[in-house]
1. So in the stretch 33-56, with the set limited to residues that are in contact with a strand residue (DSSP E or B) (Cβ under 7 Å, 6 or more places away or on another chain), among the small types (Gly, Ala, Ser) and farther than 16 Å from Met123 by Cα, which one is surrounded by the most Cβ atoms within 10 Å (Cβ to Cβ)?
2. Is it the case that some residue within the stretch 66-83 is assigned to a loop (DSSP other than H, G, I, E, B) and either touching a Leu at 6+ places or on another chain (Cβ under 7 Å) or of a type in the set (Lys, Arg) (or both)?
3. Which ones in the stretch 98-154 are in contact (Cβ under 8 Å) with a residue 12 or more places away in the chain and of a type in the set (Ser, Thr, Tyr)?
4. Might you let me know whether the stretch 57-65 holds any residue that is assigned to a loop (DSSP other than H, G, I, E, B), within 17 Å of the chain's Cα centre (by Cα) and surrounded by fewer than 19 Cβ atoms within 10 Å (Cβ to Cβ)?
5. Against the conditions (1) modelled with pLDDT under 95; (2) more than 13 Å from the chain's Cα centre (by Cα), where does Gly103 fall short? Just the number, please.
6. For the stretch 63-98, give me each residue that is among the aliphatic types (A, V, I, L, M) and modelled with pLDDT of 95 or more.
7. For residues in the stretch 142-153 being part of a strand (DSSP E or B) and at pLDDT 95 or above, which is nearest to Gln91 (Cα to Cα)?
8. Tell me, which residue of the stretch 118-154 that is surrounded by fewer than 16 Cβ atoms within 10 Å (Cβ to Cβ) and more than 19 Å from Phe36 (Cα to Cα) is nearest to the chain's Cα centre (by Cα)?
Amino acid sequence: MTTLNNTKNLSAFNGSGVESPPAATGLVTLTATDDFYFEIPFSADADVQSIHIMTGALIAGVFTIETCNFPVGTAADCVTGWDETSGNWVQENPSDAYIPTVGTGWTVSAATLTKTAGAGGAMITIDGLAAKRVRIKAAITTSGTVRVTAHGKA
């Protein structure tokens, strides 16, 4: 298999476009009562993509997968990775998704991950996705840390 992307730890952006970059540890601190977005640098040539989410013990919230085919940018016909306009990003939530988790506090329903207290991680594997762009939406209810990265192979 050919490796297409092996990304670094990703930054999170809130709905206003304010970046929360990862610390030297790779962890990003997210605050409660806000939504954050991790745009995943997928390759259109990859057959299989994976997203790894690792959380600290305190963070709680709901993590969902969203996709978009509109061009990236800030021009009138473009959509940013943190855009919150209804319809620009669409949730992917297939009922047959298999998302393994480790640690405590994870509940998975289809492709929606709910996280309560307890450190751990989840691995989302996506194959055959036709969307141009993918992001993880993190709707945070209790502040804490998270680390997100992605990888793809063809």
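1. Ala46
2. Taking the stretch 66-83 first, the residues assigned to a loop (DSSP other than H, G, I, E, B) are 69-71, 73-78, 80-83.
Now narrow it down to the ones that are either touching a Leu at 6+ places or on another chain (Cβ under 7 Å) or of a type in the set (Lys, Arg) (or both): none.
No.
3. Filtering the stretch 98-154 down to residues in contact (Cβ under 8 Å) with a residue 12 or more places away in the chain leaves 98-106, 108, 110-129, 131-154.
The answer is Tyr98, Thr101, Thr104, Thr112, Thr114, Thr116, Thr125, Thr141, Thr142, Ser143, Thr145, Thr149.
4. So far as the stretch 57-65 goes, no, none of its residues is assigned to a loop (DSSP other than H, G, I, E, B), within 17 Å of the chain's Cα centre (by Cα) and surrounded by fewer than 19 Cβ atoms within 10 Å (Cβ to Cβ).
5. With respect to (1) modelled with pLDDT under 95; (2) more than 13 Å from the chain's Cα centre (by Cα), Gly103 is out only on (1).
6. Ile65, Val79, Val90
7. Keep residues of the stretch 142-153 that are part of a strand (DSSP E or B), which gives 142, 144-153.
Of the ones still in play, those that are also at pLDDT 95 or above are 142, 144-148.
On the way: Thr142: 22, Gly144: 24, Thr145: 23, Val146: 20, Arg147: 21, Val148: 18 Å.
Per the stated criteria, the residue is Val148.
8. Step by step, filter the stretch 118-154, then rank; the result is Thr125.
The values are calculated or read from the model by the stated rules, or taken from the named source; none is laboratory data. Predicted, not measured: the structure shown is a model, and the values here were computed from it. FYI the Cβ positions are ideal-geometry reconstructions off the backbone, even for glycines, and counts take in every protein chain you see.
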